[in-house]
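**Student:** Before I ask anything, let me first share the structure, which is written out below as structure tokens.
The values are calculated or read from the model by the stated rules, or taken from the named source; none is laboratory data. The shown structure was predicted, so the numbers you read here are calculated from the model rather than taken from an experiment. All Cβ positions, even for glycine, are placed from backbone atoms using ideal geometry, and neighbour counts span all protein chains on display.
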Amino acid sequence: MEDLVCRPNSLVAQDMVRQAIIDQNRDYGLHRLGLTMHIYADTWAHQGFAGLLDDINEVEDVGETGRSGVFGKGLKGYLNDFLDDAIPPLGHGRALDFPDIPFLKWSYINHRNETVTRDNPTDFCEAADEMCKAMQRYRLGEPDAPVSGIPEADMEQIRSLFVANKSKDGERRHKKWIEAIQEGTFSFGPAKAGYITDRDGSWKHQALGTIADLIRYEYKASFLKSDWKRFHDALLAHRFFLLNELLPRYGICAA
């Protein structure tokens, strides 16, 4: 079970990123890079937890060690409103979304009765830098290329956005990041960024289309080259690689 616990930038995670770089010339190469970066980032955010139902994911006595000012009655009180035996130890479920809140510093007692302290801003900055290096290597097509990562001035801006952007609502935090990018906060200058999650203009809508208000689709040759299909192709390829090639290298059989 310990082998399935998430560790930041683990050897398994590094090999996962390497394969995404090696396979970049596939039709779904960029789509696979995107989902790989999401998984890679989660090795920092979800560290200490395993993605299955097991007592190894037990969490008790959660408390905020920083002073975010967001949780009016304190993180511990906020958590205790929700955290009880009704929430199963699946992944980081018993810690709710605290592993994913960028500005949070917190602690908890794990299944071994050990106190675990977490500094999300520091962890997330490290994750951002390693992700930048991975994408620089992707652009070079060299999984072992020496690269610089995020420039110091940009990292200061990233840390500031992590710490100052204090909202429990992830969509609001995301909006602040989009605004910062559009305003030219970073060294690459002003840029447009965004993603349509559903309906008109979304990848799914572009790939499948609709007829009137009926859920009915007509096949078009363009479907085979659509982002929606290629993203799902990337998911299938990535899952197969992880379960059947990568994890067995480390003596792990998972499904």
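**Student:** Among the residues of segment 1-28, write down those that are over 18 Å from Ile252 (Cα atoms) and surrounded by fewer than 18 Cβ atoms within 10 Å (Cβ to Cβ).
**Tutor:** Arg18, Ile22, Asp23, Gln24, Asn25, Arg26, Asp27
**Student:** Sticking with this one: Name the residue that is farthest from Phe49 (Cα to Cα), counting only residues in segment 60-103 that are at pLDDT below 65 and among the aliphatic types (A, V, I, L, M).
**Tutor:** Looking at the filtered set, the residue picked out is Leu75.
**Student:** Here's something else I'd like to know. Checking the conditions here, which among Asp198, Asp233 is more than 27 Å from Ile101 (Cβ to Cβ), out of contact with any Leu (no Cβ under 7 Å at 6 or more places or on another chain) and either surrounded by 15 or more Cβ atoms within 10 Å (Cβ to Cβ) or not basic (Lys, Arg) (or both)?
**Tutor:** The match here is Asp233.
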